Each structure stands twice: as C-alpha cells, then as structure tokens.
Amino acid sequence: MMHDIYYIVSGPMVWISMVLFAAGSLYRVFSMGLLAAKKDHVVISYMNIRYALRSILHWIIPYASISMRRRPVMTAVAFSFHICLILTPIFLLAHVLLIKESWNISWWYLPDRIADAMTLTVIAGCIFFLIRRAIRPEVRYLTDASDYFLLALVAAPFASGFWAAQHWPGYNLALVIHILSGEVLLASIPFTRFSHMLFFPFTRGYMGSEFGGVRKAKDW
Amino acid sequence: MSYWGFRKVMSVSAKALPKVLDDSIDKAADRLAADQISAVIERLLYNEGGARLKTYMETCAHCGLCSDACHHYLSNNKDPKFSPAGKVRQTIDLIIRKKGNVSIEFIKRACEIAFTECNLCRRCVLYCPFGIDVAYLMIFVRRICHQLGVVPKFIQDTAHSHSATFNQMWVKEDEWIDTLFWQEEEAREEIPGLRIPVDQECAEIFYSVIGPEPKFRAQLIYQAAVIMNVAGMSWTMTAKPGWDSSNMCMYTGDHEMTARLKKVHFEAALRLKTKRIVMGECGHAFRSVTDVGNRYLGWKAPPLPVVHAIEFYHELISNKRINIVQKFDKPVTFHDPCNIVRGGGLHELARGIIDKTCEHFVEMHPNREHNYCCNAGGGIINCGPPYTSKRVRSNRVKADQLRDAKSWGARTIIAPCHNCHGGLEDIIKFYQLDMDIKFFSDIIYGCMDKNHPLTTEAIKKY
Ligand code: HEM
Ligand code: HEM
Ligand code: SF4
Ligand code: SF4
C-alpha cells in the first residue's frame with residue numbers, strides 16, 4: 001500500500017507538478033502580458049529596461065533600499081528565507097541523485113550539514129513570519145486564513161523532508177508527505193499568491209520605469 | 001484667513017478623529033440602487049481593470065511593510081486601518097472579492113477612505129518591496145465612486161467648475177483678464193513699462209497658473225510678471241480657457257474631464273505657437289500636465305516641453321538672466337512636494353536655488369523622495385472644511401518633522417506647491433509651530449536685482 005502510494009507520488013505526480021509549474025508560470029506571465037497590451041498599455045509603453053533593472057537591483061540586494069534598512073531583522077529573515085527556499089531543493093544531494101537516476105544529468109550538490117541548516121532556516125523563517133503575522137497589528141490586519149495556509153504549505157515539504165533526511169521514526173510516511181507536499185507547493189506557485197515570484201520583476205520593473213523614466217526619481 | 005478660506009479654530013487636546021460632517025456622501029449614496037452599484041463596478045472592472053489591478057491585488061504578500069510609509073498610519077497611532085495595504089483591504093480588495101456586490105454603507109466608507117485617507121502621494125511605493133502602487137488602486141476606488149456619483153461635495157464642486165469653465169474656481173473670463181490688467185498696473189509702479197502679455201503669438205513661453213491664483217493669490221502673478229520682465233523673457237498668458245493648468249478631475253476619478261482639461265491647456269499653448277509651457281509653483285497641476293493628462297489623451301509625453309517654476313527659476317539664475325543681489329536671511333528648510341519630487345525629480349534643482357538665494361539652509365528629515373506628504377495633496381484639502389480637522393490630525397508626523405527642523409534652526413519653510421501651502425499652514429497653526437511658508441517666487445522676488453540690464457532692454461522693445 002505505502003509502496004503504491006510512493007510509486008505514484010514519486011513517479012507520475014512529479015511530472016504533473018513540474019508541468020503545472022512550468023506551463024502555469026508561462027501561461028500566467030503571457031496572459032498577463034496580453035492583458036496589459038489590451039487594457040494597460042502604459043505598462044508596456046513606459047517599461048524601460050535600464051530603469052527596471054535599476055529598481056529591481058535595489059530591491060534584490062539586501063539593505064539597498066531605505067525600507068529594508070529600517071527593518072533590519074525582517075530583511076535578514078526575508079532574504080535568508082527566500083535564498084534557502086529556492087536553493088535548497090535545487091542543490092540537495094537527494095534531489096540531484098533522483099534527477100540523475102531519471103534523466104542522467106546532474107550538478108553540484110550541497111553538503112548534508114549545510115542542506116540541513118538551510119532547511120532549518122526556511123522553517124525558522126516560516127515561524128518568524130507566523131509570529132510576526134500574529135503579533136504585529138498592521139500585519140494581522142491584512143491577514144486571513146489563506147496567509148496561514150500558504151505559510152503551512154511552504155513549511156510542509158521542508159519540515160517533512162528534514163524529518164525524512166534525519167531518518168527519524170516514520171521515515172516512509174514522512175517521505176510520502178514530503179514528496180506530496182513538495183509537489184503541491186511547486187504546482188501552486190503560478191496559481192496562488194506565490195505567483196509574486198513570477199510578477200516581482202514586472203511590478204518592480206514597471207514602477208522603476210515610471211520613477212526613472214517619467215518621474216526622474218528614485219524608488220528605493 | 002487661510003488661503004482656502006475655511007480654516008476653523010481647533011483645539012489641540014482631543015485625541016480621536018472628529019466625526020466628519022459631510023452629508024454629501026450620505027445623500028448621494030442613499031440614492032443608489034443595489035444592482036446599480038454592482039452593475040457600475042462590474043463594468044469598470046471589466047473595461048478598466050487590467051493587468052495592473054490584477055497583478056497588484058494578487059502579488060501583495062500582505063506583509064505590511066508599506067505601513068511605515070504612510071503619514072495617515074503614522075499619525076493615527078499606527079492604526080492598521082490607515083496603512084496603505086489596510087486601505088486597499090477595506091476597499092478594492094473586498095470589491096473584487098465580492099464582484100461588486102457591496103452595500104451602500106460600504107460605498108460610503110470606501111469613498112471616505114479613497115478621498116480623504118490617501119493623498120495618492122506614492123510614498124508607499126518606496127516601502128513596498130514589490131512597488132505596488134497603492135495610489136493607483138485608490139484612484140481606481142475614486143473612479144468607482146465618481147461613476148456612482150458619490151464624491152465629497154467640495155471637490156466635486158471644483159470638478160464642476162472645471163467642466164463648466166475650464167478653470168478650478170469659477171473664474172469668469174472678464175474677471176481673469178481684469179486680474180491680469182490689475183496686476184500689470186500694480187507692477188508697473190515698481191517696474192515702469194512692465195507688461196503681462198496676453199495672447200501674444202510666437203512668444204517663447206506660455207505661462208500658466210492655477211485657478212486659485214487670480215482668486216486668492218494674485219501677488220504670485222505679480223511676482224511672476226516681475227521675474228519675467230526683469231529677465232527679459234518672451235512670454236505670454238492666455239485670456240481664453242486653458243490659462244488654468246490645475247486639474248481636480250484627476251482626483252475625482254473623472255478621467256474624461258482630466259483629458260479634456262489638458263487638451264484645452266495644450267491647445268492654448270500650441271495655438272499661440274509658443275515653444276514651451278512654464279508652470280507656476282504647483283504640484284498637482286504639474287502631475288496632471290506631465291504625467292497624467294497626456295496619457296489620458298493617448299500621448300506618451302506632453303506635445304510641447306513643460307517646465308515647472310523650479311526648473312525655470314533655476315535656469316534664469318544659472319544663465320544670469322536674473323541676478324541675486326542679496327540673500328534671504330532667515331534660516332530656511334525645504335518641503336519636497338510629492339508631485340514634483342517623487343513625481344518629478346526636481347529636488348536637487350530646488351536645493352540649487354536655495355543655495356543661491358538663501359543664507360542658511362536646514363534639511364528636514366526625511367527629505368527628497370522620502371519626504372512626508374503635506375496631507376493636503378491628492379485632493380484631500382479640496383474635500384473642504386468637513387475634513388479639515390481630520391486632515392490636520394492625520395498628519396502629526398509632519399508637525400513632528402517640522403518641529404525638528406525648527407529645533408535645528410529653521411524658521412521659514414519653502415514649499416513650491418499651492419496645496420502644500422494650504423496643508424502646511426493648517427498644520428503650523430494647529431500644532432502651534434510658529435513658522436512661515438514661502439514660495440520660491442517670494443524669495444527670488446525679494447532677493448533679485450530689479451534693475452538688470454536685460455530688463456530695460458526688453459521693456460524698451462515694447
Ligand atoms: C518543491 C518541492 C520540494 C522541496 C522544497 C523539497 C525539499 C527537501 C528538503 C528540504 C529535504 C531535506 C534536506 C535535508 O534536511 O537534508 C528534502 C529531502 C528529500 N526530498 Fe525533497 N523537496 C521537494 C520535492 C521533492 C520531490 C518531488 C521528491 C521526489 C520525487 C523529493 C524527494 C526527496 C528525497 C528522496 C529526500 C531525501 C530524504 C532522505 O534523506 O532520505 N523531494 N527535500
Ligand atoms: C525569486 C522570487 C521571489 C521573490 C523576489 C520574492 C519576494 C518576496 C517578497 C518581497 C516578500 C515580501 C516580504 C518579504 O520581504 O519577505 C515575499 C514574501 C513571501 N514569499 Fe516570496 N519571493 C520569491 C519567491 C517565493 C517563492 C518561490 C515562495 C514559495 C513558494 C515564496 C514564499 C513567500 C512567502 C510565504 C512570503 C510571505 C511572508 C509572510 O507571510 O509575511 N516566495 N516574497
Ligand atoms: S499613496 Fe501616500 S497617502 Fe496613499 S497610502 Fe500611500 S503613503 Fe499613504
Ligand atoms: S508592502 Fe506591498 S506587498 Fe506588503 S502589504 Fe504593502 S502593498 Fe502588500
């Protein structure tokens with residue numbers, strides 16, 4: 001029984017989630033682009049690569065904006081959270097091996113100890129966001145159930161993956177939960193607020209273009 | 001009396017925001033039928049709600065980082081209802097989730113939020129990591145209110161004036177021409193032979209002012225005329241509609257009138273075959289001409305160069321068309337108006353003028369792109385007396401910022417924007433700051449050499 005489930009989640013469903021992620025992302029970005037061309041042509045007319053990049057750079061380099069400098073702890077957590085969130089699954093030995101097995105391609109991988117630390121960083125980040133959400137009035141005011149749900153969705157594959165990697169009791173169950181939740185997370189990116197990953201370059205780049213090109217001012 | 005004519009005596013003691021007495025929102029909203037609301041909203045969401053609306057709403061991570069940007073939030077004891085994303089949540093977010101099926105009470109509240117709790121100042125864009133434009137979202141809400149006919153009456157009155165007369169203050173044509181002649185006559189006593197050219201073709205400069213100038217601040221026309229004449233500029237104003245560059249329709253959500261107003265303004269300048277528009281010291285007018293109106297007309301940029309007074313004065317001083325012979329001796333600080341600094345990047349030029357004309361300069365903090373709004377902008381002051389008290393209380397941080405600048409020595413605030421003057425005057429009075437406010441033209445007029453060789457030369461030509 002466990003074996004069957006394992007077979008399904010680690011076989012066809014991996015494909016499904018990857019296709020949903022890739023095709024979904026392309027669809028979201030392209031359809032949004034088409035909508036912009038139809039109803040928000042300003043976005044396209046005023047987009048300016050130089051100013052877009054100028055703004056994006058000021059917001060993906062830690063502490064390059066005044067807003068980030070004003071909240072040093074939040075910035076540190078947000079950056080380490082996002083960096084570990086994206087890099088850990090890509091450079092994890094277990095994942096690299098699985099990909100090598102199926103496609104016979106492989107790349108550099110993280111030493112286990114470091115992967116463990118990065119996994120814990122992501123989990124800690126989720127806990128930080130959770131507490132912040134619960135106790136800071138201005139964040140709580142913006143929060144509804146979906147925000148907690150999304151945080152749980154991010155934490156799930158990391159927590160269960162860590163559990164499995166430590167070979168703690170219930171390894172099989174943890175692994176199945178891990179793989180399943182990982183797939184759900186990946187597939188959900190284009191269709192939930194995680195799509196901020198796809199749209200970040202556009203929202204920031206557009207504002208950067210407006211500020212740089214039209215308003216001749218900094219936006220960081 | 002204040003410039004806007006409606007300042008009341010207020011006591012500093014009360015804590016909570018006062019109850020607002022504006023029945024126009026209630027009256028207008030109570031007339032609405034429920035299906036009318038959803039029909040109007042659905043139509044607007046479909047026709048005008050495009051990629052920006054969708055992306056902003058979906059991308060917002062609900063992180064609250066924008067809160068610290070907003071003076072409404074900071075001044076109201078960090079009440080999250082006043083944070084940028086908080087205002088979005090109470091308005092457009094729910095409107096979209098309910099697909100427009102919202103109640104009359106909801107529309108009243110949304111109207112109050114969008115018109116009187118956000119200045120469209122875009123400071124929050126500098127604090128949101130995604131650059132989500134809350135001002136755009138609040139304009140969308142105002143647009144909905146406008147289409148429902150639910151708009152605070154004082155600002156709607158200015159919009160009506162714009163529609164009927166193409167100026168903001170119901171100034172009639174003869175009154176306008178009279179004002180120009182009157183100012184010309186007065187200024188001739190100081191500078192014999194001075195002229196305010198009206199409808200003169202092929203002048204280099206089309207000079208435009210805003211409606212409140214002939215109405216309340218005619219001395220600004222006087223000063224501009226002196227500066228133009230002393231510098232020997234080739235300039236003209238127009239007697240016809242189009243002399244007023246202001247645009248309150250931009251703030252009521254009336255995009256169609258916004259575009260018509262700008263069209264009339266541009267056409268007035270083009271009809272006279274002038275080479276560029278020079279505008280007086282106004283912020284929202286600058287935004288409407290250089291950033292908003294041209295877009296609604298389908299133009300990426302204005303059809304002829306548009307120059308704000310700051311750029312113009314800077315040019316005159318650097319080219320030595322006017323000579324500064326003495327410096328303003330009281331210590332000054334500078335209030336960066338949102339629409340020409342965050343919206344026009346004129347902050348360094350402004351400091352350049354101060355450097356040339358003022359003895360002693362104190363920066364207020366934060367400054368430049370990060371300066372706090374005066375809380376008059378975005379049409380809030382134009383919503384009139386019912387909201388004055390709320391407006392002033394909702395900008396305690398501005399008072400703190402000014403008080404700091406004062407403790408560092410500043411006595412005079414330079415604010416090259418009409419709305420900022422109105423807003424800061426009220427703040428100074430309410431918080432008993434005892435500072436005075438000036439335009440650049442006040443300073444330059446006072447410090448320039450009025451016997452420049454160019455002056456006599458130009459005047460001789462007439
Ligand atoms: C977005 C999705 C995913 C994320 C974020 C993720 C993340 C992780 C993490 C953080 C670990 C533990 C690393 C450690 O502490 O050393 C892990 C382990 C693992 N993951 Fe994933 N993973 C994802 C998807 C998948 C999928 C789809 C599969 C399989 C098809 C998979 C298979 C494994 C395996 C086999 C391990 C190792 C467990 C062990 O050490 O025995 N993961 N993953
Ligand atoms: C490279 C792409 C990404 C960028 C630029 C990005 C950017 C951001 C930013 C600017 C925030 C706002 C708060 C903060 O500064 O942390 C945020 C929050 C968040 N991001 Fe991302 N993100 C990216 C990818 C992702 C992905 C792939 C996920 C998950 C699958 C994710 C999950 C989250 C979560 C859960 C939060 C919310 C934190 C909270 O609850 O306050 N991000 N992201
Ligand atoms: S645009 Fe200005 S007033 Fe409006 S929410 Fe943002 S910071 Fe506040
Ligand atoms: S900072 Fe931006 S993403 Fe965060 S709550 Fe405010 S608008 Fe939303």
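For this structure, a couple of remarks:
- Among complete DSSP H helices in chain A, those whose alpha-carbon atoms stretch at least 20 Å along the helix's long axis and whose mean Kyte-Doolittle hydropathy reaches -1.0 are A:12-39, A:72-90, A:112-135, A:145-165, A:171-188.
- Entries in B:Lys275/B:Lys327; B:Lys327/B:Lys390; A:Lys38/B:Lys263 that, when Cα-Cα distance is taken, lie over 27 Å: B:Lys275/B:Lys327; B:Lys327/B:Lys390
- From its DSSP helices (H runs of at least four residues, each -39,500 (n - 2.57)), chain B gives a residue-normalised ellipticity at 222 nm of -14000 deg cm²/dmol.
- Ellipsoid fit via the Cα gyration tensor, segment B:242-315: semi-axes of 19, 14, 10 Å, each the root of five times an eigenvalue, largest first.
- Whole-angstrom gap from segment B:106-185 to segment A:172-210, using each part's C-alpha centre: 39
- The angle separating the long axis of helix B:173-190 from the principal Cα axis of greatest extent in chain B is about 40 degrees.
- Cα convex hull, chain B: 134 Å³ per residue, rounded to a whole number.
- Dividing the Cα radius of gyration of segment B:157-307 by its Kirkwood radius returns 0.96 for Rg/Rh.
- Take B:Met138: with every protein chain present and a 1.4 Å probe, its accessible area is about 0 Å².
- The mean accessible area for residues of chain B, using a 1.4 Å probe and ignoring ligands and nucleic acids, is 35 Å² per residue.
- Rounded if a/c under 1.5, otherwise prolate or oblate - segment B:3-151, Cα gyration tensor axes: oblate
- Calculated from the alpha-carbon coordinates, segment B:332-447 shows an Rg and a Dmax of 13.4, 41 Å respectively.
- Annotation: average projected area of segment B:323-400 is 6.3 square nanometres, based on the convex hull of Cα atoms across all directions.
- Crossing angle, helix B:104-116 versus chain B [Cα axis fit, 0-90 degrees, rounded to tens]: 30
- Its residues counted as N, segment A:27-139 yields a C-alpha radius of gyration over 2.2 N^0.38 Å of 1.45.
- Highest mobility in the GNM of chain A, judged by mean-square fluctuation with C-alpha springs under 10 Å and restricted to A:Arg133, A:Arg28, A:Arg113, is found for A:Arg113.
- Kirkwood hydrodynamic radius over Cα pairs of the protein assembly as shown, then Stokes diffusion coefficient at 25 °C and 0.890 mPa s, in µm²/s: 89
- Computed on chain A, with alpha-carbon pairs under 8 angstrom and 6+ residues apart, the relative contact order is 35 percent.
- Annotation: amide H of B:Ile413 within the under-5 Å range of B:Thr333, B:Asp436, B:Ile437, B:Lys438, sequence separation 5 or more or interchain, hydrogens built in the peptide plane.
- Pairs beyond 22 Å (Cα-Cα), from B:Lys262/B:Lys300; A:Lys39/B:Lys54; B:Lys153/B:Lys398; A:Lys216/B:Lys240; B:Lys27/B:Lys153; B:Lys240/B:Lys300: B:Lys153/B:Lys398; A:Lys216/B:Lys240; B:Lys240/B:Lys300
- Comparing A:Ile86, A:Ile135, A:Ile123 in a Gaussian network model of chain A (Cα springs below 10 Å), the most mobile by mean-square fluctuation is A:Ile135.
- Cα-only Debye scattering, segment A:104-220: base-10 log of I(q)/I(0) at q = 0.11, 0.14, 0.16 Å⁻¹: -0.55, -0.81, -0.97
- With contacts taken as Cα pairs under 8 Å at a separation of at least 6 residues, chain B carries a relative contact order of 18 percent.
- Converting the Cα gyration tensor eigenvalues of chain A into ellipsoid dimensions via √(5λ) gives semi-axes, longest first, of 34, 22, 17 Å.
- Amide H partners (placed H, <5 Å) of B:Val278, local residues excluded: B:Phe206, B:Tyr207, B:Ser208, B:Val307
- If you take the Cα centroid of segment B:56-96 and the Cα centroid of segment B:191-270, the two points sit 38 Å apart.
- Cα-based helix-to-principal-axis angle, B:418-430 vs chain B, degrees rounded to 10: 70
- Of the beta bridges in the protein assembly as shown, as assigned by DSSP with both residues counted there, near 5 percent are antiparallel.
The values are calculated or read from the model by the stated rules, or taken from the named source; none is laboratory data. Just so you know, these numbers come straight off a predicted model, no measurement behind them. Remember, those area values only see protein heavy atoms, side chains included, never the ligands or the DNA or RNA. Shrake-Rupley method; radii C 1.70, N 1.55, O 1.52, S 1.80 Å.
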